[in-house]
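The values are calculated or read from the model by the stated rules, or taken from the named source; none is laboratory data. These numbers were taken from a predicted model, which means no experiment stands behind them. Every residue, glycine as well, gets a Cβ built from its backbone with ideal geometry; the counts of neighbours run over all protein chains shown. The protein model used for the area step is the full one, side chains on, heavy atoms only, and it has no ligands, DNA or RNA in it. Shrake-Rupley method; radii C 1.70, N 1.55, O 1.52, S 1.80 Å.
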Amino acid sequence: MADSAMTAHHDHALEQSTEELWSGGQEPVKASYGKLMMWYFLISDTFTFAGFLIAYAAIRFAHPTHSAGAWNSWPDPNEVFSATPVTGHANLPLIFVTFMTFTLIVSSVTMVRAVQEGTRMNRKGVMFWMVWTILGGLVFVGSQAWEWQHLIHEGMTPTGNPFGAAAFGALFFIITGFHGAHVSVGVVINSIVLFQTWIGTYDRRGHYEMIEKVGLYWHFVDLVWVYVFMAFYLL
Amino acid sequence: MATGITHEESIKRVYRVCGILAIVTAVEIIAALSHYSWLGLSEEAKVAAKLPLNVLFIVLSAAKAYYIMSEFMHLRYELKPLTISVMAPFLFLIWAIIAFSYEGVSWLQLRTWFG
């Protein structure tokens, strides 16, 4: 690099080009390999969830709309989801799921804050916001566990339930279970990343891009919940 | 991070999106509960009231999905080809939703006719 007009930054980029920047001298769509592959993984996961939710739609359309007392009609969500851990069986439709939804939204916000502190190389800030994100995830999974045990107690099984069409129970357990598994995996991944932040892995690496990648996954879990929430609790 | 905006500005945007998502969710819940309080209505009236509500729920959920993807997942600040390659596959889903819903209605008809 004899050319003095060339900045240090350019020097660095050229040195990296063959080894690190996808061997093409330039990153495709200015995204790192890991980030782009996370996006493509999320697309494939979207199709898995879409498969489940479209099956839900088809099976639901194959049943009569809700009517009280008709065993084969589709259950009314206001009737099914009306209990909370605090108020017991007092009739409070959709209140508990509202709490769960807000928890997930807030934990998405704390995740974005962790990513933002990561871009400033603020190790303490990243750890602070990651702890809150993990707590939000745990509260959500715990709430879902409570709702499951409540509905099982009410008599909901994969093959039948007291609220209406039998298929409702199977679809509920499969879809919210698959989503809950995603949240649980997210909590584990977030904890690993928190630990690596704590021991200074990303400071040594020189960037906090890993926070951004697990953040994409975490927001995806929130995004899927928007549609699970819509399908089971609203429509 | 967000190109061309300051750290303070991007923090402000995150909390604004958080507020939007919270308000939209609250509106959805209130709409769903309002349907519940109409229990006194006849079955036909309930079904008729549910249809516009369902349209509202689908539109509001799409709005939430837009805000999560564009701001939280940062898609708004990425290069356009990345956004297109992420969004384009979802076109297939629009077809799948229409086709399988149509199929479900047909299953119900077959069941009703042939018991």
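Numbers at a glance
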| item | result |
| --- | --- |
| B:Tyr66 paired with A:Ile43, simple spin-label distance in nm, labels 7 Å along Cα-to-beta-carbon | 2.2 nm |
| Residues in segment B:63-84 occluded by at least 20 Å² - accessible area, probe radius 1.4 Å, against chain by itself | B:Lys64, B:Ala65, B:Ile68, B:Met69, B:Phe72, B:Met73, B:Glu78, B:Leu79, B:Leu82 |
| Backbone HN-Hα couplings from phi across segment A:29-38 [Karplus 6.51/-1.76/1.60, Hz, Gly and Pro as x] | 6, 6, 10, 5, 4, x, 5, 5, 5, 4 |
| Packing-based order for A:206-216, A:155-165, B:85-95, using average beta carbon neighbours within 10 Å, highest first | A:206-216, A:155-165, B:85-95 |
| Average beta-carbon neighbours from other chains, 10 Å sphere, peptide A:97-104 | 3 |
| Local electrostatic count, B:Gly19, Cβ distance below 14 Å [Lys/Arg +1, Asp/Glu -1] | +3 |
| Using θ = phi - 60° and Karplus 6.51 cos²θ - 1.76 cosθ + 1.60, couplings along segment B:73-82 (whole Hz; Gly, Pro as x) | 8, 6, 5, 4, 9, 8, 6, 4, x, 5 |
| Shielded by partner chains, segment B:100-115 residues - at least 50 Å² of accessible area, 1.4 Å probe, vs chain alone | B:Leu108, B:Arg111 |
| Whole-Hz couplings from phi, Karplus 6.51/-1.76/1.60, listed for segment A:59-67; x for Gly and Pro | 5, 5, 5, 7, 10, x, 5, 4, 9 |
| Accessible surface of chain A [probe 1.4 Å, protein heavy atoms]: carbon and sulfur percent | 67 percent |
| Interface size A-B, as summed buried accessible area [1.4 Å probe, Å², nearest 100] | 4700 Å² |
| Per residue solvent-accessible surface (Å²) - the protein assembly as shown, probe of 1.4 Å | 50 Å² |
| Shielding by partners, peptide B:86-97 (average Cβ within 10 angstrom, other chains) | 3 |
| For segment A:144-230: relative contact order, % (alpha-carbon pairs under 8 angstrom, 6 or more apart) | 21 percent |
| Number of partner chain Cβ atoms within 10 Å, mean per residue of A:108-117 | 5 |
| Peptide ranges A:114-123, A:196-205 listed from the most packed, as the mean C-beta count within 10 angstrom indicates | A:114-123, A:196-205 |
